[in-house]
Amino acid sequence: MNDEKLGRGKGLQEVLPDCHHVCLIYDNEEQRRKTVTEYLASGLKQGELVRYFADMTSPQELRGWLLEAGVEFSKAEEDGAFGIAGAESAYCPSGRFVPQEVIANMVSRYDVARKAGYRGSRACGEMSWALRDIPGADRFLEYEVRINMITETFPYIGMCQYDARLFDGATLFKVLQVHPYMIAQGQIVRNPLYIKPEEFLATLERDRDKT
Amino acid sequence: MTEADRREEQPSQDLQKVDARILGQLLAAQNVVFALPDTLRIAEFYSQMLMTIPGITACRVCLGGSSVLAGEMASDVCPACETMPHLVQEDGTLIPTHLDFKCHLADQPGMRGIAVAADRHHFGFFVFQIDQATFLELYHSFISNLSSYVALILDNRRQKDLLQKANDDLERKVEERTHELKAANEELAAYREHLEELVRERTAELEARTAELKRMNDLFVGRELRMIELKCRIKELESKPGRSAAKAVDDED
């Protein structure tokens with residue numbers, strides 16, 4: 001990871017390393033729209049397989065954002081390079097959230113992408129589904145932390161969106177502890193609140209034991 | 001080395017003991033506060049975050065009307081807190097900083113408190129249960145900076161809310177006045193229309209009366225002229241010899 005790339009006043013891709021797991025904590029739609037549009041556009045521009053997992057945003061709305069920003073995506077969508085899917089069906093295909101399964105799907109998507117000639121695989125997901133009463137949804141932090149444990153073999157490129165109006169403050173703090181990078185108020189920061197995955201998993205287990 | 005030199009050197013020696021990672025966390029936390037929409041979420045977030053600072057075993061963050069505890073505290077004075085209910089008064093104003101405003105939890109043994117206060121208002125407290133005071137002392141000034149920053153953000157939000165409220169009031173007043181003006185205009189337009197109708201009616205009446213007068217006038221003037229003409233004829237006939245005027249007139253007819 002190239003820390004020197006981090007800086008203010010630059011585009012997202014200029015300041016994020018090639019492989020990254022970043023979280024966007026937001027409390028207004030205008031700010032999210034700008035960041036998400038830029039993030040997807042940079043993936044398409046770089047020839048990556050780009051997937052958006054929508055929960056609160058409709059596909060039409062998302063396409064509208066890209067169109068308004070002048071992002072050419074229709075051909076990529078036709079070719080399958082860009083796709084929008086429902087977050088709940090993507091994260092919980094069997095109606096249950098199993099972190100290992102979702103990660104395995106991501107890795108296989110990356111392999112398929114590479115074989116098809118894409119530079120990489122990029123995902124951008126809305127995480128509000130985790131607040132619904134879906135079996136296993138309470139394991140979303142475990143999923144987030146396990147992504148960081150396979151980055152040696154799997155170059156993850158992804159942005160997880162958390163609406164601060166929906167998640168409580170304590171959860172948002174934990175979300176920050178499992179993302180090496182964060183975007184807050186449009187600023188990209190190498191996240192000092194991030195802790196080692198093993199350390200976080202141990203905390204999770206301690207919390208589970210308490211409850 | 002003099003005592004003064006030693007005092008000057010003390011902060012730099014302390015800084016060497018400070019963990020850069022913790023300082024980074026405190027700085028990152030400043031960025032996050034912008035994205036947290038209310039005092040409850042800020043309290044939840046900071047109570048967790050402050051727990052990562054060495055020496056802190058439990059933390060209570062009271063902000064606005066929200067009070068959040070992370071960890072377990074030995075002291076139990078909070079249920080009787082007289083300060084919290086006043087943090088946000090009924091009219092939405094906050095307690096001015098010149099008033100004595102205390103957290104009794106922070107006064108308990110083994111506890112420390114840092115006020116979250118801006119220039120003019122109290123917003124609350126960060127209260128810590130500590131096991132190693134020396135650790136907390138190292139970070140105290142940085143946490144104070146953070147609390148000032150949170151207070152500044154909350155003060156800005158408060159000012160923004162007040163501004164928004166004033167703006168909304170102004171817009172409401174403008175709307176009311178516009179409505180009143182519209183009603184007055186409509187009344188005026190209706191009155192004007194009525195007045196025009198009245199003028200039209202009166203004009204028509206006057207024109208009819210004038211026409212009647214003219215017709216009468218023409219009639220009377222015509223008769224008068226005819227009378228004058230007849231009188232002249234009578235005189236003329238009477239002046240002729242052997243014919244009486246009456247006979248002459250009869251003959252004429």
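Summary table
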read-out	value
Pairs where the first residue, in the range B:118-143, is touching a residue at least 24 places away in the same chain (Cβ under 8 Å) and the second is acidic (Asp, Glu), C-beta under 7 Å, 6+ apart	B:Ala118/B:Asp155; B:His121/B:Asp155; B:Leu138/B:Asp14
Qualifying positions in the range A:20-66 - of a type in the set (A, V, I, L, M) and in a helix (DSSP H, G or I)	A:Val36, A:Leu40, A:Ala41, A:Leu44, A:Leu62, A:Leu66
Members of the range A:186-211 that are more than 8 Å from chain B (Cβ to nearest Cβ), within 18 Å of B:Leu23 (Cα to Cα) and either of a type outside the set (D, E, K, R) or in a loop (DSSP other than H, G, I, E, B) (or both)	A:Ile188, A:Tyr194, A:Ile195, A:Lys196
All positions within the range B:11-25 that are part of a helix (DSSP H, G or I), surrounded by 14 or more Cβ atoms within 10 Å (Cβ to Cβ) and modelled with pLDDT of 75 or more	B:Ile22, B:Leu23, B:Gly24, B:Gln25
Pick from the range B:62-82, criterion out of contact with any helix residue (DSSP H, G or I) (no Cβ under 9 Å at 6 or more places or on another chain) and outside any loop (DSSP other than H, G, I, E, B), ranking: surrounded by the fewest Cβ atoms within 10 Å (Cβ to Cβ)	B:Pro79
Total residues in the range B:48-60, condition in contact (Cβ under 8 Å) with a residue 24 or more places away in the chain and facing another protein chain (nearest Cβ under 9 Å)	2
Contacts under 8 angstrom Cβ, first residue in the range A:162-186 being over 12 Å from B:Ala29 (Cα atoms), partner of a type in the set (Asp, Glu) and not in a helix (DSSP H, G or I), 6 or more apart	A:Asp163/A:Asp27; A:Asp163/A:Glu126; A:Ala164/A:Asp27; A:Arg165/A:Asp27
Odd one out for A:Val178 among (1) farther than 20 Å from A:Asp138 by Cβ; (2) more than 8 Å from every other protein chain (Cβ to nearest Cβ); (3) not charged (D, E, K, R)	(1)
Residue check for B:Ala28: away from chain A (no Cβ under 12 Å), buried (at least 17 other Cβ atoms within 10 Å of the Cβ) and touching a strand residue (DSSP E or B) at 6+ places or on another chain (Cβ under 8 Å)	no
Subset tally (residues that are at negative phi, outside any strand (DSSP E or B) and either β-branched (Val, Ile, Thr) or surrounded by fewer than 18 Cβ atoms within 10 Å (Cβ to Cβ) (or both)) for the range A:78-110	16
Hits in the range B:31-45 - residues which are under 18 Å from B:Phe125 (Cβ atoms) and either facing chain A (nearest Cβ under 7 Å) or in a helix (DSSP H, G or I) (or both)	B:Val33, B:Leu36, B:Thr39, B:Leu40, B:Arg41, B:Ile42, B:Ala43, B:Glu44, B:Phe45
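The values are calculated or read from the model by the stated rules, or taken from the named source; none is laboratory data. None of these values were measured; they are calculated from a predicted model. Methodologically, a virtual Cβ is constructed for each residue, glycine included, from the backbone with ideal geometry; neighbour enumeration extends over all protein chains shown.
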